[in-house]
Structure formats: C-alpha cells, structure tokens
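Trainee: Take a look at this one; I'll ask things after.
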C-alpha cells in the first residue's frame, strides 16, 4: 500500500460519508433540475472515492470505473435528462408521495439500520472495509427510499442511479474484487437503455406526463 | 476432440451473440425469422454436444451436473420458441401491430436475451452470473414494451423498476459473498469462482453469509417472481409478445431460481450458517396460495397463466426449501416439466389470442368447435399444468407432496390446499374457453403446431417413464443441493 493506513482510511471515509450526505441532499430536492445537479454531484463524489480506492489499492483498472462514473453519470446522463425535461415539457417540480420531513426521518432510520446490520456481522473483516460497506448500504437504501417516495419517472431513474452508485462504492471498497469494471459497464448499459427508452418511446406523447402515477390508471381496463 | 470440447461453452455464448449482431443490421424480416430458428438450432446443437464431451471448468465458464441440464432446457425451449415466434410475428405484421423495423430489433434482442441467459447459466463466477441475469433483464424489458401501447409501456416500466431493484439487491449480496470469501481464499478471481467457493464455504464467516443470503433471496427472488415480489410478472407476461411470455415463464424464472440455488449450496456447505429452508418454504407457500387464489378472478388469458407461473415457482421454491434428496429431485423435475408445459401453453394461447383478436377470457369461447386442434393442445397443456396424471407435473407434485407428508405433515395441508384451489380455477377457465358457446373470431389458424405438441409429448412421456440415466443424474444433482 503506497499510503499510510490512517490517511487512507480517513480520506476513504470522508468521500463515502460525502456520498451519504449527497444522498440526503437528493431526498429533499423539490425542483427537477436541482435533483439532476445533486445527482451529478453524487456521481462526482463517487468518482473521487473510486479514484482514491484505485490509488490506495494500487488497482489501475478502477480508474476506468472512476472515469465511467465521472463522464457518464456525472456529465452525460444529467445533460440527457435535462434535455428530456426541456424537450418533453415535463413538470419542473418534484411530486412526492410522502412529505420531505418524514422522508428525511425515514432516511436517518435506514442509515441506523444499515450500521446495525453490517457492523456486527463483519466483525472479522478489516475495519476499513466494514465501515465502507455500512456507508455503501446506507447509500443503497436511501436510493431505494427515493425511488419509493417519488412519483415521477425521471426522479425514479435518478433514485435507481444513486442505488447503483452505492453498489459501485461497495464493490470498489472490497479489496481486489474482480469484474468491478465489467459490472459498472453493465450498469451503465442498463441506465443508457432506459434513458434512451424514454426518448424512444416518447412516454410524454402518450401520457401527457412522465408521472408514473398516470401509468397506473391504464391498468383499470386490464384487470 | 478434447480441445474442441473446451470451446463448446464459448460457442454456446458466441452463436447467439453473433446472431444478435447480424440481425441488428440485416433487413428483411422473413429471412431473419428463419435465420433466428437456424441460430437457435445451432446453439441447441452446441449445447447437446456437452452430453458427450464435457469440458473442464475454466476460470470464467463451467459445465457441471447442475447447470448442464438447464443449459439444454434453455437452448431447447429457445429453439422451439423461435419456431413458434416465426408463425406468431407473421400475423402481428399482417394486423400492423409490429413493423419490419421493430422486428429487426425484436430478433436481435431475442438472440441477445438467449446469450445473456446462457451466460448466467454457464458462468463460473458470481459476478459474471449477475451480469448475465442483469443483461437478460434489460433485453426482456425492451421486448415487453415493444408494442408501445400504454399498457405495454406501463408493464415494461414496472418490470424495469422492480427488476432493477431486485438485481441491485442481488449485487449487494454478491459483494457480501465476495467479502466472506476474500478473507478465506484471498483476493482475486478465485474468491468469486463457484468451483472454489463451494469447496471452501465451510470456513466462511457464517453471519456474513446469512446477511448475503437475505439480500440474494430478495434480489433473485424478485426475478423468480415470488410473492410479495411478483408485481411485475403478470403485467410483463400479458403485455409483451407471446413468444416472450413463453420465454419469460419457461426460462427466465428458472434462471433466477438457478442463481438462488447456487448460493443455497454455499449455505448448505457451512454448518454454522442459517438454514435457508424455512425462508424458502415460507416464500414458496405464500406464492403458491396467493397465486392460486388470484387465478379465479383473472380476465386476461395471458395474465391467468402468468399467475399460474407464480404458483409453480412457489411449489418449486417450496420443494428446494424442504431439501433432502427426494424433495430436491422433485424440484428439479418440476422445473423441467413446468418450463416445457408453460411454454407450450403460451404457444397455444398466442395463436388463440391472435385468432380471437382479444386476450379477454370472457370473449373467447367454444374453441373446441372453431379450432379443434388448438383446443386439444390448450386442453392437454392446462390439464398437465394443473397436475393431472399422467403428465410430468403430476409426478413431480406427487413427489413434493409425499415427501412433505413424510417429513412435515402439517406443511402438506396448505400445500395440497393450494394445489387444489389452483386446479379448480384452471378447470373453470378451461371450461369457458374450450367448451362454451363459440365466441370471437373463427378465422382458420395459421399456426405451427410442431413446438406445441413436441413439448406436450415430452411432458406426457416424462410423467410415464423417465429414462434411467436421467433419474440417476437428477438424483446426483439433488444430493449436491443438500
């Protein structure tokens, strides 16, 4: 390891903690563009965290994962989503299912839960890895919470991408894990397909809104 | 010969992959539909050759007793579905539901999906397997939404959201397994290879394995369609093209289950880890009972059989949850028989829905008068899926029930109740569709009956006589599963 243990831990924790913080920021955004900007920040912090892991673990292939996080999720996807919102004239306000206050409280509960779940069972692993894992699980759970508490299709995709950021954080924190690059590529393909699908299927044309709630009404005729 | 055998697993992946790339650029859907059959046949041939010369496990791919039969099943149903698909899409083009441009996309995605499913089955690596399941999910999401009706888009969106949450959770479980393995085996590829994981699982940290399994059960359980994680499944089956419904039910659900069973083998090898049985029994039974009751009020014929798939996945998960040589044997047999029967049912349902121009059960009637051959196929299929003798599903359900009676008699009560409730529902619907007053279109069917009756014949034979080597083979795998 090229760097002292103490510093390696501290920087990794600051970056992982930073991601958790941005996850909370994502939860209370009320405007669509603010959600996208916060997500871009989320991806940039992830890229920094991965770069740090690549440096500490002396694992050059992780730089590819970091580059994907920065270029694809930090820049390309937010720009594409921005264009979708403008082109398809989607509501610029985020519609929530549950109030912001209770969502934040729920988020705090989820962070406590993931710490309580992960720390005891990983007692035998290295301290660095287990705390990183607890933070990563918190990011994953907060992303899921965002997917549940937002009605809008775009914010659900953003929620899913923040879940994925948490998983990449966990995977890069697991020292020497193979296929991290392949997995991040596979995830990026998944997301690209979905964003492409929004354009392609022009959900706006048919539903007058990207509000997933609209989709639900069509089932009345089916069942 | 041995060198050639080493390349077979790669061939099973590369043939569909090449097919997908060629179909993506090839104009002319008639040629592509035929080529689709040809490519699927080539893949099946490559998979069949594994029976004679089985290559040694490599660092990325492996063929062992467990996955070889699923690979064969996968490529076989992939091949028969491609035949059905060719006659199905002809009709879709005529009525203008699909355009030639969409068909190009459809065929490319079909082969891409076969590639992804074969990758998940063949991989010797928990990460690679996950990539396979994830890729198969994307391609099926796109295929489900291909009609672009509001209902189809809703189904695709729901499937995408629930499916991605599922695979995200499975990914976290996979990372946890790597954590557990890394401290014992060391960093790198070996700590993710099935061949090493199973041998060393006894030394893994048990609490970490337990936590990982919970994530994997919820994650891959979503892909299997276990209640209460099943919400995507009926919509995805009902709104997509019928060949895709056949592949979803017959193959993709099995792949989720295969992934879960592989991880169950790790827990079984570790004496300190929690027993996964009770969790799987609970989820299996609740899926069975829930789906059996839901069968009664269905109005859409494809949705009806989608719920039946949830029911059968419940039975299979229950059987593997019971564990032991007999129940595992029954589970493996049921996986095979369900896959063959359900895809056969969807083949006939696809043609029925095309002729009657509706999927609504109350607008379909008197099939035995208007289309006797299709009615015969559908009736045999439904009788088989409901667990009537002499078909294969009767055999496997009989084994599950009798082993449950022997070991946990009180669990057999809800199990048998679920089976009977489902039987009643299917019989009611069958009566309406096949024997009532003729309703709906009476145009002659331009169907290809070959895949339908080939599957039904196999299911009938499987119920009466299982060849000795196959039985020995299932018994061996059942022992591996613990």
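The values are calculated or read from the model by the stated rules, or taken from the named source; none is laboratory data. Bear in mind the structure is a predicted one, so any value in this text is a computation, not a measurement. We place every Cβ from the backbone using ideal geometry, glycine too, and count neighbours over all the protein chains shown.
Trainee: Of everything in the stretch A:142-179 that's more than 7 Å from chain B (Cβ to nearest Cβ) and not in a helix (DSSP H, G or I), which residue is surrounded by the fewest Cβ atoms within 10 Å (Cβ to Cβ)?
Mentor: A:151
Trainee: For the stretch A:111-124: of the residues being more than 22 Å from residue A:22 (Cα to Cα) and crowded, with 20+ Cβ neighbours inside 10 Å, which is modelled with the highest pLDDT?
Mentor: Per the criteria, the residue is A:121.
Trainee: Let me ask you something else. Quick check: anything in the stretch B:187-197 assigned to a helix (DSSP H, G or I), surrounded by fewer than 23 Cβ atoms within 10 Å (Cβ to Cβ), out of contact with any helix residue (DSSP H, G or I) (no Cβ under 8 Å at 6 or more places or on another chain) and more than 10 Å from chain A (Cβ to nearest Cβ)?
Mentor: The initial filter retains those residues of the stretch B:187-197 that are assigned to a helix (DSSP H, G or I), namely B:189-192, B:194-197.
Next cut, surrounded by fewer than 23 Cβ atoms within 10 Å (Cβ to Cβ) only: B:189-190, B:194-196.
Next cut, out of contact with any helix residue (DSSP H, G or I) (no Cβ under 8 Å at 6 or more places or on another chain) only: B:189, B:195.
The next check asks that each one be more than 10 Å from chain A (Cβ to nearest Cβ); those that pass are B:195.
Yes, the stretch B:187-197 contains at least one residue that is assigned to a helix (DSSP H, G or I), surrounded by fewer than 23 Cβ atoms within 10 Å (Cβ to Cβ), out of contact with any helix residue (DSSP H, G or I) (no Cβ under 8 Å at 6 or more places or on another chain) and more than 10 Å from chain A (Cβ to nearest Cβ).
Trainee: Take the conditions in contact with a strand residue (DSSP E or B) (Cβ under 9 Å, 6 or more places away or on another chain), more than 7 Å from chain B (Cβ to nearest Cβ), over 18 Å from residue B:137 (Cβ atoms) and modelled with pLDDT of 85 or more and apply them to residue A:139. Does it pass?
Mentor: Numbers: in contact with a strand residue (DSSP E or B) (Cβ under 9 Å, 6 or more places away or on another chain): no; more than 7 Å from chain B (Cβ to nearest Cβ): yes; over 18 Å from residue B:137 (Cβ atoms): yes; modelled with pLDDT of 85 or more: yes.
For residue A:139, the condition - in contact with a strand residue (DSSP E or B) (Cβ under 9 Å, 6 or more places away or on another chain), more than 7 Å from chain B (Cβ to nearest Cβ), over 18 Å from residue B:137 (Cβ atoms) and modelled with pLDDT of 85 or more - is not met.
Trainee: May I pose another question? Taking the residues in the stretch A:60-71 that are surrounded by 19 or more Cβ atoms within 10 Å (Cβ to Cβ) and in contact (Cβ under 8 Å) with a residue 24 or more places away in the chain as candidates, determine which candidate is nearest to residue A:8 (Cα to Cα). Steps first, please.
Mentor: Pass one, the stretch A:60-71, residues surrounded by 19 or more Cβ atoms within 10 Å (Cβ to Cβ): A:62, A:65-66, A:68-70.
When the remaining residues are screened for being in contact (Cβ under 8 Å) with a residue 24 or more places away in the chain, the result is A:62, A:65, A:68-70.
On the way: A:62: 16, A:65: 19, A:68: 23, A:69: 21, A:70: 21 Å.
It comes out as A:62.
Trainee: Now, a different point. For the stretch B:81-94, indicate whether the set of residues that are over 17 Å from residue B:31 (Cβ atoms), out of contact with any strand residue (DSSP E or B) (no Cβ under 9 Å at 6 or more places or on another chain) and free of Cβ contacts under 8 Å to residues at least 12 places away in the same chain is non-empty.
Mentor: Yes: one or more hits.
Trainee: From (1) over 21 Å from residue A:37 (Cα atoms); (2) touching a strand residue (DSSP E or B) at 6+ places or on another chain (Cβ under 9 Å); (3) modelled with pLDDT of 85 or more, pick out the condition that doesn't hold for residue A:209.
Mentor: (3)
Trainee: I would also like to ask the following. Which residues, taken from the stretch B:123-164, are in a loop (DSSP other than H, G, I, E, B) and more than 8 Å from chain A (Cβ to nearest Cβ)?
Mentor: B:124, B:146, B:147, B:149
Trainee: So, one more: Of (1) more than 8 Å from every other protein chain (Cβ to nearest Cβ); (2) within 24 Å of residue A:155 (Cβ to Cβ), residue B:209 satisfies all except one. Which?
Mentor: (2)
Trainee: Quick check on my filter: what residues within the stretch A:2-49 are assigned to a loop (DSSP other than H, G, I, E, B) and surrounded by 15 or more Cβ atoms within 10 Å (Cβ to Cβ)? Give the derivation first.
Mentor: Of all residues in the stretch A:2-49, those assigned to a loop (DSSP other than H, G, I, E, B) come to A:2-4, A:28-30.
Selection gives A:28, A:29.
Trainee: How about the stretch B:286-335: which of its residues are more than 22 Å from residue B:235 (Cα to Cα) and not in a helix (DSSP H, G or I)?
Mentor: B:323
Trainee: Just one of the numbered conditions (1) more than 7 Å from chain A (Cβ to nearest Cβ); (2) in a helix (DSSP H, G or I) is not true of residue B:98; which one?
Mentor: (2)
Trainee: Sticking with this structure for a sec: Give the residues of the stretch B:14-33 that are in contact with a helix residue (DSSP H, G or I) (Cβ under 7 Å, 6 or more places away or on another chain) and either part of a helix (DSSP H, G or I) or without any contact (Cβ under 8 Å) to a residue 40 or more places away in the chain (or both), sorted by residue number.
Mentor: B:15, B:16, B:17, B:19, B:20, B:23, B:24, B:29, B:32, B:33, listed by residue number.
Trainee: Determine which single condition residue B:261 fails, assuming it passes every other condition in (1) within 21 Å of residue B:64 (Cβ to Cβ); (2) in contact (Cβ under 8 Å) with a residue 60 or more places away in the chain; (3) over 20 Å from the mean Cα position of the chain (by Cα).
Mentor: It fails just one condition, (3).
Trainee: Residues in the stretch B:169-186: is at least one within 10 Å of another protein chain (Cβ to nearest Cβ) and not in a helix (DSSP H, G or I)?
Mentor: Yes, because at least one residue in the stretch B:169-186 is within 10 Å of another protein chain (Cβ to nearest Cβ) and not in a helix (DSSP H, G or I).
Trainee: Which one of B:225, B:284, B:240, B:256 is surrounded by 20 or more Cβ atoms within 10 Å (Cβ to Cβ) and within 14 Å of chain A (Cβ to nearest Cβ)? Walk me through it before giving the result.
Mentor: Values: B:225 fails: within 14 Å of chain A (Cβ to nearest Cβ); B:284 fails: within 14 Å of chain A (Cβ to nearest Cβ); B:256 fails: within 14 Å of chain A (Cβ to nearest Cβ).
Exactly one of B:225, B:284, B:240, B:256 is surrounded by 20 or more Cβ atoms within 10 Å (Cβ to Cβ) and within 14 Å of chain A (Cβ to nearest Cβ), namely B:240.
For every residue, the table says whether it meets (1) assigned to a helix (DSSP H, G or I); (2) under 21 Å from the mean Cα position of the chain (by Cα).
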{"residue": "B:384", "(1), (2)": "yes, yes"}
{"residue": "B:389", "(1), (2)": "no, no"}
{"residue": "B:397", "(1), (2)": "yes, yes"}
{"residue": "B:402", "(1), (2)": "yes, no"}
{"residue": "B:410", "(1), (2)": "yes, no"}
{"residue": "B:415", "(1), (2)": "yes, no"}
{"residue": "B:422", "(1), (2)": "yes, yes"}
{"residue": "B:430", "(1), (2)": "yes, no"}
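Trainee: Go through the residues of the stretch B:468-478 one by one and say whether even a single one is in contact with a strand residue (DSSP E or B) (Cβ under 9 Å, 6 or more places away or on another chain), touching a residue at least 24 places away in the same chain (Cβ under 8 Å) and part of a helix (DSSP H, G or I). Quick ask: steps written out before the conclusion?
Mentor: Looking only at the stretch B:468-478, we keep the residues that are in contact with a strand residue (DSSP E or B) (Cβ under 9 Å, 6 or more places away or on another chain), and these are none.
There is no residue in the stretch B:468-478 that is in contact with a strand residue (DSSP E or B) (Cβ under 9 Å, 6 or more places away or on another chain), touching a residue at least 24 places away in the same chain (Cβ under 8 Å) and part of a helix (DSSP H, G or I).
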